[in-house]
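Visitor: Just passing along the structure, written as structure tokens.
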Amino acid sequence: MIEIKGFLETSFLDWPGKICSVLFLPRCNFRCPYCHNHSLIFNPDQFASIPLSDILRRLHSLKGWIDGVCITGGEPTLYDDLPRLSHEIKKNGFPVKLDTNGSNPAMLETLIHQNTVDFVAMDVKAPLDSLIYRRSAGISVDLGAISKSIEILKQGRVEYQFRMTVVPQLHSEEEIQTLGKQLKAGRRLILQNFNPENPLDPSFREIAPYDPNVLREMERMVQEMV
């Protein structure tokens, strides 16, 4: 079974409109310079593994308080055992949300087909251009896989949203609008402000995030692109 390296009992932020618990899985295939969970990528052994049985016992004590469980990372779809983990959580009576970068559409398809996930939040790093995407993801990315995951979600077989973490140094307003036109996702596209507190690339600590009012206006514009 997958090693679980973190467990947050209650979160009001990780599932829109719901209170959920959060499981953190190690490793990621991206190297986003603004990532704040990079310790899970490079040094997962510094965190003790948490047995699923212990988590399930705690989840049952939270029944009636939490609405579901979010599986995040790292990048959860790297693990072949992810459907089994999700199934175990659902078997115990908890809906499951998945956070993913969309790089493994085959796993995404499996989870949806097996009905082991109830909500998917896909982080879209940048407009679908190979050079721009590489700048944001920190590596070369198979945009065919990203596009396939977008296509799978837009079929509407599971609730979903697309999220973009916006970094002024990486994402111009024009590029954000380009992504809005490419996705045509309406209110399912959410813009998140970059947090400079603990990024993978230390130089990003010096970058000031977008003004929240400016970001909200950009989000409004891209959500009108349907």
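The values are calculated or read from the model by the stated rules, or taken from the named source; none is laboratory data. If you're wondering where the values come from, they're calculated on a predicted model, not measured in any experiment. Glycine gets a Cβ as well: all are built from the backbone with ideal geometry, and neighbour counts include every protein chain shown.
Visitor: Among what's in the range 106-125 and is in contact with a Leu (Cβ under 7 Å, 6 or more places away or on another chain) and part of a loop (DSSP other than H, G, I, E, B), pick the residue that is surrounded by the fewest Cβ atoms within 10 Å (Cβ to Cβ).
Guide: By that ranking, first place goes to V124.
Visitor: A further question on this structure: Could you say whether any residue in the range 191-201 is part of a helix (DSSP H, G or I) and either surrounded by fewer than 19 Cβ atoms within 10 Å (Cβ to Cβ) or of a type in the set (V, I, T) (or both)?
Guide: Scanning the range 191-201 turns up no residue that is part of a helix (DSSP H, G or I) and either surrounded by fewer than 19 Cβ atoms within 10 Å (Cβ to Cβ) or of a type in the set (V, I, T) (or both).
Visitor: Can you confirm whether I139 is of a type in the set (V, I, T) and either surrounded by fewer than 17 Cβ atoms within 10 Å (Cβ to Cβ) or touching a Cys at 6+ places or on another chain (Cβ under 8 Å) (or both)?
Guide: Spelling it out, I139 is indeed of a type in the set (V, I, T) and either surrounded by fewer than 17 Cβ atoms within 10 Å (Cβ to Cβ) or touching a Cys at 6+ places or on another chain (Cβ under 8 Å) (or both).
Visitor: Counting just the residues of the range 98-120 that are in contact (Cβ under 8 Å) with a residue 60 or more places away in the chain and touching a Phe, Trp or Tyr at 6+ places or on another chain (Cβ under 7 Å), which one comes out farthest from I71 (Cα to Cα)?
Guide: Taking the candidates together, the pick is N101.
Visitor: Of D80, D45, which residue is charged (D, E, K, R), surrounded by fewer than 19 Cβ atoms within 10 Å (Cβ to Cβ) and at pLDDT 95 or above?
Guide: D80
Matching residues to (1) in contact with a Leu (Cβ under 8 Å, 6 or more places away or on another chain); (2) among the aromatic types (F, W, Y):
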site	(1), (2)
K18	no, no
S21	yes, no
P33	yes, no
N43	no, no
F47	yes, yes
P51	no, no
I55	yes, no
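Visitor: While we're on this one: Of a type in the set (K, R), in contact (Cβ under 8 Å) with a residue 40 or more places away in the chain, outside any loop (DSSP other than H, G, I, E, B) and more than 29 Å from N92 (Cα to Cα): does that describe K148?
Guide: yes
Visitor: Take E175 and decide whether it is over 17 Å from the mean Cα position of the chain (by Cα) and either surrounded by 14 or more Cβ atoms within 10 Å (Cβ to Cβ) or among the hydroxyl-bearing types (S, T, Y) (or both).
Guide: yes
Visitor: Something else about it: Cβ-Cβ below 8 Å, separation at least six or inter-chain, first residue in the range 184-210 and hydroxyl-bearing (S, T, Y), second surrounded by fewer than 17 Cβ atoms within 10 Å (Cβ to Cβ) and not in a strand (DSSP E or B): which pairs?
Guide: Y210/P168
Visitor: Would you mind finding the one in G156, G102, G93 that is part of a loop (DSSP other than H, G, I, E, B), in contact with a Ser or Thr (Cβ under 7 Å, 6 or more places away or on another chain) and at positive phi?
Guide: G102
Visitor: Looking at S61, S21, S86 in this structure, which one is free of Cβ contacts under 8 Å to residues at least 40 places away in the same chain, surrounded by 19 or more Cβ atoms within 10 Å (Cβ to Cβ) and of a type in the set (G, A, S)?
Guide: On inspection, the qualifying residue turns out to be S86.
Visitor: Looking at G102, G68 in this structure, which one is of a type in the set (G, A, S), surrounded by 15 or more Cβ atoms within 10 Å (Cβ to Cβ) and within 21 Å of I150 (Cβ to Cβ)?
Guide: When all the criteria are applied, what remains is G102.
Visitor: Another question, if that's okay. Within the range 1-41, restricting attention to residues that are in a strand (DSSP E or B) and touching a helix residue (DSSP H, G or I) at 6+ places or on another chain (Cβ under 9 Å), which residue is nearest to L85 (Cα to Cα)?
Guide: Filtering first and then ranking leaves L23.
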